[in-house]
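Input: a single structure, listed below in structure tokens.
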Amino acid sequence: MQEDSVQAGITGEPAPELGVTQWIDAAGQPLADYGLDKMRGKFKLVFCFQDACPGCHLTGFPSLVRVVEAFRGSPFVSFAAVQTVFEDFESNTVDRVAANQRKYALPIPFGHDAGAGHVGDGSVLMQRYRNGGTPWFILVDPSGAVVYNYFRIDVEKLIAELKRAESAPPVPTPDAGTITWRDVIQHAKGNNPAPPRRLELDDAQWRQRLTPEQYRVTRQRGTEPAHSSDMCALFEPGVYGCVCCGTELFDASSKFRSKSGWPSFRQALAPGLIAHHYDSSHGMTRIETTCNVCDAHLGHVFPDGPEPSGLRYCMNAAALVKS
């Protein structure tokens, strides 16, 4: 499949695990387990194909070969090729995976993902990344975010950009205790650190304690309009706490001008104060932030903030109180 009407898949979001269970290694031998967590390169390039897809052989595989050759022997980029079957199941069989690995002499892991085996359903990987067909390229950056997700790729541009990134000065290493995007993703997978304490009230008590807007945002996962709070332009010293329980969350020194329309911070005061959760509402995959003490919805966190952590905690002003 190669149509100009194809829409790009998810981008700027945390990369879901591939969900592929059948793999062979770079030498064509069965591989028990493989996925993004096993790909050691800073950047990860996943190529999706079907054996019966003419475009995969005309442009897809040749493009993949070029990129693999450009980074042969370099640990900077990891590769995987996956047969994501959504049609012609009788032709796009698992044995064609190894056949294509040999045909193109690609020393990278190959996977087979037939999903439920129903025409039009899309494979597991396709559903998770909202792929539009094959050939298809997915690029995941060092923060774990999807930065490219489309059927067509400019090979020379991609190689040049990855080479520039490979030769760029190293990013400053975050201090011990600094939360990074990788930490955020691990937390969102169900590994949030323990809170310093807990406060649990019933709905009536929260309604009594909060204003209607504070209640809507923090207890009903609401979002205030962009640029609606004077807190965006407030940069005086102090500490920002949870409006529900008073737990101190951010120091004013970590606040920065993001121009997003919401108060933005680089880092919480300490690990364990804020919990991270996957949020698939509104047709997007984001990471929600909540107070780890009282479960108040605070906002979301994104991997486009300043170094060294690279985080942008995008908070609702209604969820915060400054002291």
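Here, each number is a calculation from the coordinates, and none is a lab measurement. Quantities reported herein were computed from a predicted structural model and do not represent experimental measurements. In this analysis, Cβ positions are derived from the backbone assuming ideal geometry, glycine residues included, and neighbour counts consider all displayed protein chains.
In table form, for the structure just shown:
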| item | result |
| --- | --- |
| Residue among E90, E307, E69 with the largest mean-square fluctuation in a Gaussian network model of the chain, springs linking Cα atoms under 10 Å | E90 |
| Sequence-separation-based contact order of the chain, relative, with Cα cut under 8 Å and 6+ spacing, percent | 17 percent |
| Distance between modelled label sites at A27 and K42, nm, 7 Å Cα→Cβ extension | 3.0 nm |
| Cα long-axis angle, helix 61-70 against the chain (0 to 90 degrees, to the nearest 10) | 70 degrees |
| Interchain or long-range residues, amide H under 5 Å from Y34's placed H | none |
| Likely footprinting exposure, E236, E288, E13, fewest C-beta neighbours within 10 Å first | E236, E288, E13 |
| Binned Cα-Cα distance frequencies in the stretch 70-171 - 10 Å width, integer % | 13, 40, 33, 12, 2 |
| Antiparallel content of DSSP bridges confined to the chain, in %, to 5 | 80 percent |
| Rounded FRET efficiency, nearest 0.05, which uses the C-beta distance separating D279 from R72 and R0 of 45 Å | 0.70 |
| Where labels lie 7 Å past Cα in the beta-carbon direction, separation of L201 and E307 in nm | 4.3 nm |
| For the stretch 196-209, 3J(HN,Hα) per residue [Karplus equation, 6.51 cos²θ - 1.76 cosθ + 1.60, θ = phi - 60°, Hz, x = Gly/Pro] | x, 6, 9, 10, 10, 10, 7, 4, 5, 5, 5, 4, 6, 7 |
| Phi-based couplings in Hz for the stretch 221-238 (Karplus 6.51, -1.76, 1.60; Gly and Pro marked x) | 6, x, 9, 6, x, 4, 6, 8, 10, 5, 4, 4, 9, 8, 10, 7, x, x |
| Estimated 222 nm signal from helices in the chain, with DSSP H stretches of n ≥ 4 weighted -39500 (n - 2.57), rounded to 500 | -5000 deg cm²/dmol |
| Cβ-defined net charge surrounding L234, 12 Å radius [Lys, Arg +1; Asp, Glu -1] | +1 |
| Highest-MSF residue in the chain out of K163, K255, K38 [GNM, Cα springs under 10 Å] | K38 |
| Too-long pairs where the Cα-Cα distance tops 19 Å, listed order kept, from K38/K103; K44/K163; K44/K157 | K38/K103 |
| The stretch 1-158 - share of DSSP beta bridges that are antiparallel (%, nearest 5) | 60 percent |
| 5 angstrom amide H check on L298, placed H, neighbours 5+ away | T289, T290, C291 |
| Principal-axis tilt of helix 155-167 within the chain, Cα atoms, nearest 10 degrees | 50 degrees |
| Hz values of 3J(HN,Hα) by residue in the stretch 119-128 - Karplus curve (6.51, -1.76, 1.60), Gly and Pro given as x | 4, x, 6, x, 6, 4, 4, 4, 5, 5 |
| Which labelled figure in (1) -0.39; (2) -0.53; (3) -0.45 is log10 I(q)/I(0) by the Debye sum over Cα atoms at q = 0.08 Å⁻¹, once derived from the coordinates | (3) |
| Label point at S253 placed 7 Å out along Cα→Cβ; residues across the stretch 204-235 whose backbone nitrogen lies under 20 Å | 234-235 |
